1. Going by average Cβ density within 10 Å per residue, which order do the peptides 20-33, 78-91 take, highest to lowest?
2. Indicate the gyration tensor shape class of region 70-146 (rounded, prolate or oblate), computed on the Cα atoms with a ≥ b ≥ c the square roots of the eigenvalues: a/c under 1.5 is rounded; otherwise a/b larger than b/c is prolate and the rest oblate.
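Nothing in this text is a laboratory measurement; each read-out follows from the coordinates by a stated rule. Note that the structure is a prediction, hence the values are computed from the model and not measured. Here the Cβ is made from the backbone with ideal geometry for all residues, glycine too, and neighbour counts use every protein chain on show.
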Ligand SMILES: Nc1ncnc2c1ncn2[C@@H]1O[C@H](COP(=O)(O)OP(=O)(O)OP(=O)(O)O)[C@@H](O)[C@H]1O
Ligand SMILES: [Mg+2]
């Protein structure tokens, strides 16, 4: 039995990572879909600076972000062809790479499956910074999906 953790940020590359996880799994395996809400989204001084002028207060509450992330993860989970009992979703907030590494440890994942680039950066980088950091620091195997 393998435990696979897929890092999902909504990007096409991370959708491919999910497809790859499903493709590489058998009936005994478990898949965990993880989204990290970047800390700077809710904690940046830029956001705080904007707060008094624009009513972002509802949006920046990380509870709201978390709900949205969980919602979209469960939508994605429903769409894929995988035994729902063996599929779970998780949302963390903080530094995406750090949280991916911590969660993989916490859940004792055998492998981390991750896209080579993220959301909205078509062809700008050979490898996204989150993937770069995860590959460099992971104590477990990482599959970078292209
Ligand atoms: N917030 C996140 N939560 C979960 N997984 C993430 C998150 N951000 C990135 N990932 C994972 O990392 C992969 C690569 O994204 P990454 O952020 O490294 O590249 P990028 O967005 O193109 O570049 P950068 O963020 O460095 O500007 C994604 O396909 C996804 O699997
Ligand atoms: Mg990114």
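1. Numbers: 20-33: 16.6, 78-91: 13.9.
Highest to lowest by the protection proxy: 20-33, 78-91.
2. Working: a/c = 1.73, a/b = 1.27, b/c = 1.37.
Oblate shape, in that a/c is at least 1.5 and b/c is the bigger or equal ratio.
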